Amino acid sequence: MHNFREFKVWKMGIEISKLIFQITRTFPAEERYSLTSQLTRCAISIPSNIAGGCGRKSNKELNQFLSISLGSI
């Protein structure tokens, strides 16, 4: 198992998430349940999948979660 907090890419994912949340706050209200929702869910899934992969037992599983995270970008 790996400590996800030590992964630079996880830290960058957190920063991207914060930035996306700041940006989407400026979107019009009518976008709240469409574009805003999609962007924030994608942003959160980046560090979440990295952390999830770090909890797995093999590097193969970690790589799979990193690939999923990359897809969210």
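Numbers at a glance
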{"quantity": "Matching residues in segment 12-30 - criterion: being surrounded by 14 or more Cβ atoms within 10 Å (Cβ to Cβ) and not small (Gly, Ala, Ser)", "calculated": "ILE14, ILE16, ILE20, PHE21, THR24"}
{"quantity": "Candidates GLU61, GLU30, filtered to the one that is farther than 15 Å from MET1 by Cβ and acidic (Asp, Glu)", "calculated": "GLU30"}
{"quantity": "Enumeration of residues in segment 35-61 that are under 18 Å from GLN22 (Cβ atoms) and aliphatic (A, V, I, L, M)", "calculated": "LEU35, LEU39, ALA43, ILE44, ILE46"}
{"quantity": "Filtered residues of segment 1-42 (kept if closer than 23 Å to SER67 by Cβ and of a type in the set (A, V, I, L, M, F, W, C))", "calculated": "MET1, PHE4, PHE7, VAL9, TRP10, MET12, ILE14, ILE16, LEU19, ILE20, LEU39, CYS42"}
{"quantity": "Residues that are in contact (Cβ under 8 Å) with a residue 40 or more places away in the chain and loosely packed, with under 13 Cβ neighbours inside 10 Å, drawn from segment 1-11", "calculated": "MET1, ASN3"}
{"quantity": "Residue within segment 56-64 that is among the basic types (Lys, Arg) and modelled with pLDDT of 95 or more present", "calculated": "yes"}
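The values are calculated or read from the model by the stated rules, or taken from the named source; none is laboratory data. Predicted model, so just to flag it, every value in this text is computed and none were measured. Reconstructed Cβ throughout: ideal geometry from the backbone, glycine too, with neighbour counts over all protein chains shown.
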